[in-house]
Every structure is written in structure tokens, then in C-alpha cells.
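Okay, so here's the structure we're looking at.
The values are calculated or read from the model by the stated rules, or taken from the named source; none is laboratory data. In this text the structure is predicted, and so the values were computed from the model without any measurement. Reconstructed Cβ throughout: ideal geometry from the backbone, glycine too, with neighbour counts over all protein chains shown. The accessibility values were calculated without ligands, DNA or RNA, using every heavy atom of the protein model including side chains. Shrake-Rupley method; radii C 1.70, N 1.55, O 1.52, S 1.80 Å.
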Amino acid sequence: MDKLTPLKPLPSLCALAATLIIWFLIPVPEGVAPNAWQLLALFIGTIIAIIGKAMPIGAVSVIAIALVAVTGVTNPGKPGAALDDALSGFSNQLIWLIGFSIMISLSLNKTGLGARIGYYFISLFGKKTLGIAYALTLAETTLAPVTPSNTARGGGIIHPIMKSIADSFGSKPELNTSGKIGRYLSLVNYNINPVTSAMFITATAPNPLIVSLIAKGTHGSFELSWSMWAIAALVPGLCSLIVMPLVIYLLYPPEVKSTPDAPRFAREKLQALGPVTLPEKITLGVFALLLVLWAGIPAMIFGPALAVNPTTAALIGLAVLLATGVLSWEDVLKHKGAWDTVVWFSALVMMASFLGKLGLIGWLSQTVGNGIDHMGMSWVGGTILLTIIYLYSHYFFASTTAHVTAMFAAFFAAGIALGAPPALLGLILAFSSSLMMSLTHYGTGTAPIIFGSGYVTLGEWWKAGLVMSVVNLLIWMLIGGAWWKLLGYW
């Protein structure tokens, strides 16, 4: 008989206790509806369970959906309507955009195209250790628009390439030779990930949620399209990607600085992969098609009649890969990560959406805004303070999605209440939602994979993360703010 999979006792008890305390013991604040406060109790309990990993995130989310339906907090006295509310997240197009995109990204590993792209860049730029760092940066940036799982991209595709390069120079943790090249490349490998995640809506799962929250927070007056996001992130993103390998080089210089054999090693790997196969060519074609459709190029050339919804574009791409046999339906069914994302994303989007509809987010933002306002700050100082608090509170989160869901809407609304330009504030908080990943060895799914390979000590990781968070924040707030002003976004 199979063993039962138990709940983790401590995080489960913490989640349950927090829910019950908020629901029954803390008085409902003035101006907040009782059912909104009860939904907040369920929401906070869900976030605590996710942060503490009481159960897999999908399982926690199913329980949350069930509790919303059973308690009827979104629609008291109307069980049928409450059930519709609880399941409403599954009708969100952005959720399916991410789900379909994750399924599409399977083709990168299955066909070997992801590894081929990585080794190709190393064969071109790998004569110096710094060149290898930039080759890894180019490879991940190339993959970012079509890999919404930043964990799959940084940990599943780029990290094995980085490890094979380090191993070829005899730089291995078990030999105490990480300082040769492995420590440096490992830190670069990880710190590419937050920046590329910030650069495209489809580069990490929480980004579409942020787009939705910004649109709701501005009542539809500022809606980010795929191309608007990418253009806004282009200049600060490139600046961060250029500066980051240099900063880490100064912090932890590799002992091996010249790597004349790396291009040869990469070419040998490419030869082992053989000629570009038909499945790889089809995958490249699908990715090119997606970028064209997501960027809205048909509409730009032929008019709005040929505009293609981003989720429809992703569905077309997946359909092509299935029709051509690059992916099989079994491949899609077996990709638990994609289906898991659809489930937990639906639950969190649903709860966050109803917290806004029931007025809780408005009340919370006004409370935070009043607190900052009493400090006598202008909207500029308030925006900086909100951003710093928002970003560095990620030390307390092991999930960017949980962090975004818990804090983004309230902080965005608080900044608007202080008079901050909605577009400027929204973009700063949106990009900070990815940049904050750099801080810890548990900040996102990519972190434990790369940290677990053993090239970097905990102290080295946290020091690099803190330094890069400051560098990135300055780049994106100063250079980014000027760039967005030039674009006319604010």
C-alpha cells in the first residue's frame, strides 16, 4: 500500500492559525466589508502555506479554491455564484498564455535547440572567462521571450551548459576548485535570470498577473501590451546585462581569466549534437512566429484587423508543434509544471481579483498611503520608499508569485494615492518583481538549482545578491525612468 503524503505540520499550523486569527479574532476594520476581511484571512493563510511549502503549491491552491467556494466569501448567501467566482480564474486568458508558453518551451529541451544556442554563443565569445559570461547572458536572453518558466530557462537549460564549461577547466566543488571559474560563472548564471525575467511579459510566470493588476489599478487607463513591456525593459535591461558580469567579476574574480579552449569545447559539443534537425528548424520557426505575433507586427503593417491576441498566438504555436510532431500530446500531458502553473495561478489571480473587487486593496492602499503621507514625503520619496520596501521584503518570500500576489496591488494603489504617475510606478514595481529574485538562494525556483550545485557559499551568494539588487535598482529607476519618459509612458 502506498504511503500517505503528509502535510508539513509547522507551516500548515501557521497557515491555519493565521487564517482563524484574522477571521475570528481580529476586529474587521472600519470601511472594510466582513466578507472581504474573511477572504483576506483565506488569502493570507494560502500565502503562508505556499511560502512554508506546507504542500505542493497546486494542492494548496485547490484547497484555497474549495474554501472560497464553500465559505461563499465572494458572494455571501449565493453558493452557486460563489462557486462560479472560485473557478473564475480558469477563464483568465493571461493564465493560459503562460500555460501554453510553458508547454511550447518543452521543445527547447526535447529538440536540443536550447543547448545548441548556448554552445553556439560560447563558440563565438568564449576565449575569455568574461566572454563566456556574456555568451551565457546572450543565450538566456535569446530564450527568455519564449520560456515563461525562468526556472526551466536558467536552471534547466543554461545551468547544465555552465557546469560543463566549469568542469572542462577542472573547476568542481568536490575538488575545492570552484574559485577557478565555477564560482564566477555560477553567480553570473543566476544573476542573468532576474534581469531576463524582467525583460518580457512571457519570461516568468508572475508577469501577466502584474499586467492584469496594473490594468485594474488604473481602471484600464494603462494597459501594457507585450511589445510595450519589451520596449520599456529594453534599455535598462541591456544596461543590467552589460554591467552585471563586470560587477560580479570585481566581487569574485575567477582565477582562470583566459579560456582559449572553451570555444573548441563548445564546437565539440555542437558537433556531437550534429546538424540542425527538422524538429529544431520547426521550433525556431514557431518561436519566430510567436515573437512576430506577440510584438503585434501584423497589426502594425496591415492594420488592427490582423491583430492577434497573445494567448491565441501561443495556442497557434502549440498547435503547430503538435501538428508537426515536434511535441506529442503525451509530452504535453506529462509536463506537470505547465498544468500545475495553470491551477495555482488561477487560484491566486482569483483571490487577488476579488480582494480588489470587494474593496480590501483600496482600503489597504489608503492606509499605507496615509502612513507615508504623514511622513511628509512627496510622491517621489514615497515611490522610492515603496519600491525599496517591496523589493527587500523578498527576503521573506520563497516565491515571486506569492510575493506579487500578496503585495503588488496594495503598493501600487498606495503609490497612486500619493500622486505617483501610474505608468512610472507600475513599471518600477513590475520590474522590481523580477529583480528581487537576486537576493537569496531561495528567492525563485532557479536559485536552489544553481546554489545546490555547490560552487558558491551562502555568504558569497547573499553578498552578490545584495550588491546586484542595489545596482539593478539604480539602473532601472534612473536609466529606466528616463527611458520611459522619453517613450512618453509618463
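Overview of values
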item	result
Single match in Lys172, Lys127 (criterion: in contact with a Ser or Thr (Cβ under 8 Å, 6 or more places away or on another chain), basic (Lys, Arg) and in contact (Cβ under 8 Å) with a residue 12 or more places away in the chain)	Lys127
Subset of the range 82-116 [open to solvent by less than 30 Å² (accessible area, probe 1.4 Å) and free of Cβ contacts under 8 Å to residues at least 40 places away in the same chain]	Ala82
Candidates Ala314, Ala347, Ala338, filtered to the one that is aliphatic (A, V, I, L, M), out of contact with any Ser or Thr (no Cβ under 8 Å at 6 or more places or on another chain) and buried (at least 21 other Cβ atoms within 10 Å of the Cβ)	Ala338
Residue in the range 33-47 that is at pLDDT below 95, assigned to a loop (DSSP other than H, G, I, E, B) and open to solvent by 90 Å² or more (accessible area, probe 1.4 Å) present	no
Qualifying positions in the range 291-307 - open to solvent by 50 Å² or more (accessible area, probe 1.4 Å) and either aliphatic (A, V, I, L, M) or outside any helix (DSSP H, G or I) (or both)	Leu291, Val292, Ile297, Met300, Ile301, Ala305, Leu306, Ala307
Residue ranges of helices (runs of 4 or more DSSP H) in the range 402-490 with at least 2 members open to solvent by 30 Å² or more (accessible area, probe 1.4 Å) and at pLDDT 95 or above	458-474, 480-487
Count - residues of the range 181-233 that are under 27 Å from Ser453 (Cα atoms), within 10 Å of the chain's Cα centre (by Cα) and not in a helix (DSSP H, G or I)	2
Scope the range 50-60; condition open to solvent by less than 50 Å² (accessible area, probe 1.4 Å) and either at pLDDT 90 or above or touching a strand residue (DSSP E or B) at 6+ places or on another chain (Cβ under 9 Å) (or both); matching residues	Ala54, Ala59, Val60
Options Ser212, Ser178, Ser240, Ser186: the member that is open to solvent by 10 Å² or more (accessible area, probe 1.4 Å) and farther than 17 Å from Val404 by Cα	Ser178
